[in-house]
Amino acid sequence: MNKPTVTIAIPAFNEENNIAHLLRAIFVQHAENYLLREIIVMDDGSTDRTASTVNDLAGNYPKLRLVSDQRRLGKIGRLNSLYRMVSTDILITVDADLDCGSSDMIDNLVDAFRDPAVGIASGALSPHPGRAFVQKSLYRSDIIWSEVVRNYRGGDNIHNSSGGLVALRHEFFETLFIPQDALSDAKFLYLKSKQLGFSFKFVPDSVVHFREPANLHDFISQATRFMSTGDKLADYFGPAALASYRVPLQKIILSLARNFLIDPFHTLSFLALQTWIRVFKTRYTGSYKNGLWERVASTK
């Protein structure tokens, strides 16, 4: 079987601290089961050295290309441009503030497309252990939630669709357009793939690492975004969007009980943070305007 052609794209806004590290990790991927055509960094109007850092690296890596027009469009705007720009068999997008988990991360993701029904494959997000109180509590919450959703419905559920590391088949992304107010590109892609008859594949051994918010302000900004997504997607996909978020309560209770025995303090503090944000979320608005999120600086 011929190896599929792959484009890797990275939307980036003010990521000078991580972009070189991420690109070097991508350059050393094994690439045993695909042909890498190019790596595109979509600079989203950065005001730091993101663009110049990419240009410096491009001198040594001919497959690296910078797209920079000095405009701030937001991630969804940049993704929509990519869908029109890319012609390879598979498009893989990676968030610019992440760390690659292994040198076979991309190979593992591409393997999912051996099944011709798969239109979208998502890697797994794994948090870095944090030092701050909020980070430690959210780290525990990630472990709890991963236990709940990782194997639910064989991994085929909306919670496993991560925009941090996602691969799309050409026949899927060539027709895609994500509305600017969709709030979550990852969840929109999951629901759209189902609507169009494509299969979703969760790839747990294709891992990227991320940083949790380190303070309450950043936690509030990020959490209110996540909690608003289902209602917004219902505007496009109807009640099925909200139904797709449901998981069995028993699975949640069992995971909470297990983690309480391991780390009672941070399990309870996570529950307290979640309760607080759900009660007062209507007070925290305005973090999303014209397709642009308020930047969560402590996750960078």
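The values are calculated or read from the model by the stated rules, or taken from the named source; none is laboratory data. In this text, all values refer to a predicted model and were calculated from it rather than measured experimentally. Note: ideal-geometry Cβ built from the backbone for every residue, glycine included; neighbour counts use all protein chains shown.
Across region 78-113, the number of residues qualifying as out of contact with any strand residue (DSSP E or B) (no Cβ under 9 Å at 6 or more places or on another chain) and touching a residue at least 40 places away in the same chain (Cβ under 8 Å) comes to 2. Restricting region 5-17 to residues that are assigned to a loop (DSSP other than H, G, I, E, B) and over 16 Å from the mean Cα position of the chain (by Cα) leaves a set whose member that is surrounded by the fewest Cβ atoms within 10 Å (Cβ to Cβ) is 17.
Of everything listed in (1) in a helix (DSSP H, G or I); (2) under 21 Å from residue 244 (Cβ atoms), the single unmet condition for residue 181 is (1).
So that you can scan it fast, the table gives a plain yes or no per residue for (1) out of contact with any strand residue (DSSP E or B) (no Cβ under 6 Å at 6 or more places or on another chain); (2) touching a residue at least 60 places away in the same chain (Cβ under 8 Å); (3) surrounded by fewer than 20 Cβ atoms within 10 Å (Cβ to Cβ):
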{"site": "140", "(1), (2), (3)": "yes, yes, no"}
{"site": "151", "(1), (2), (3)": "yes, no, yes"}
{"site": "187", "(1), (2), (3)": "yes, no, no"}
{"site": "194", "(1), (2), (3)": "yes, no, yes"}
{"site": "215", "(1), (2), (3)": "yes, yes, yes"}
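Somewhere in region 249-257, is a residue small (Gly, Ala, Ser), assigned to a strand (DSSP E or B) and either in contact with a strand residue (DSSP E or B) (Cβ under 8 Å, 6 or more places away or on another chain) or in contact (Cβ under 8 Å) with a residue 24 or more places away in the chain (or both)? Checked region 249-257: no residue is small (Gly, Ala, Ser), assigned to a strand (DSSP E or B) and either in contact with a strand residue (DSSP E or B) (Cβ under 8 Å, 6 or more places away or on another chain) or in contact (Cβ under 8 Å) with a residue 24 or more places away in the chain (or both). Checked against the criterion of being modelled with pLDDT under 95 and among the hydroxyl-bearing types (Ser, Thr, Tyr), region 194-201 has no qualifying residue. The sole residue among 87, 46 that is assigned to a loop (DSSP other than H, G, I, E, B), of a type in the set (Gly, Ala, Ser) and more than 21 Å from residue 122 (Cα to Cα) is 46. Scanning region 48-67 for residues that are polar (S, T, N, Q) and modelled with pLDDT of 95 or more yields 50, 52, 53, 55.
Just to be sure I understand, how many residues within region 224-236 are modelled with pLDDT of 80 or more and either buried (at least 20 other Cβ atoms within 10 Å of the Cβ) or in contact with a Pro (Cβ under 8 Å, 6 or more places away or on another chain) (or both)? Number of matching residues: 2.
Filtering region 266-292 to residues that are at pLDDT 65 or above and outside any helix (DSSP H, G or I) leaves only 292. Can you name every residue in region 142-166 that is of a type in the set (S, T, N, Q) and either within 17 Å of the chain's Cα centre (by Cα) or closer than 14 Å to residue 95 by Cα (or both)? Passing the criteria: 146, 157, 160, 161, 162. Among the residues of this structure, residue 102 does not count as one that is of a type in the set (Ser, Thr, Tyr) and part of a helix (DSSP H, G or I). Is it true that some residue in region 258-265 is surrounded by fewer than 18 Cβ atoms within 10 Å (Cβ to Cβ), touching a Leu at 6+ places or on another chain (Cβ under 8 Å), modelled with pLDDT of 95 or more and part of a helix (DSSP H, G or I)? Checked against the condition, which is being surrounded by fewer than 18 Cβ atoms within 10 Å (Cβ to Cβ), touching a Leu at 6+ places or on another chain (Cβ under 8 Å), modelled with pLDDT of 95 or more and part of a helix (DSSP H, G or I), region 258-265 yields at least one hit. Taken over region 37-75, residues that are within 24 Å of residue 4 (Cα to Cα), in contact with a helix residue (DSSP H, G or I) (Cβ under 9 Å, 6 or more places away or on another chain) and either free of Cβ contacts under 8 Å to residues at least 12 places away in the same chain or crowded, with 17+ Cβ neighbours inside 10 Å (or both) amount to 7.
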